[in-house]
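Asker: First the structure, which I've put down as structure tokens, then a few questions once you've had a look.
Since every read-out is calculated from the coordinates, none of them should be taken as a lab result. Remember, it's a predicted structure, so these values are computed and weren't measured experimentally. When we count neighbours, we look across all protein chains shown, and the Cβ atoms used for this are built from the backbone with ideal geometry, even at glycine.
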Amino acid sequence: MNWERVFAAGDGIDIFAERGLSRDGVVVVVRPDQYVAAVLPLTATDELAAFFAQNLVAV
């Protein structure tokens with residue numbers, strides 16, 4: 001296990017408020033090098049499609 005890659009909120013910290021995340025959920029796009037490329041609300045389907053349209057090749 002690599003404990004340097006574990007992230008958690010401390011006691012009494014609201015991770016949703018601290019990171020500006022919706023409590024309804026989010027989509028997190030993570031690149032293979034573990035860089036977080038996008039954090040979008042679940043309802044942002046057009047934005048997610050536009051993100052991948054820039055980065056993927058249609059076959």
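Asker: Residue by residue through segment 19-47, note down the ones that are more than 11 Å from the chain's Cα centre (by Cα) and either surrounded by 10 or more Cβ atoms within 10 Å (Cβ to Cβ) or in a strand (DSSP E or B) (or both).
Answerer: Within segment 19-47, SER22, THR43, ALA44, THR45, GLU47 qualify.
Asker: Show the residue pairs that are 6+ apart or on different chains and have beta-carbon atoms under 8 Å apart, the first residue being within segment 33-58 and on the phi < 0 side of the Ramachandran plot, the second being of a type in the set (S, T, N, Q) and surrounded by 11 or more Cβ atoms within 10 Å (Cβ to Cβ).
Answerer: PRO41/SER22; LEU42/SER22
Asker: Across segment 15-36, what is the total count of residues that are closer than 16 Å to PHE52 by Cα and among the charged types (D, E, K, R)?
Answerer: 1
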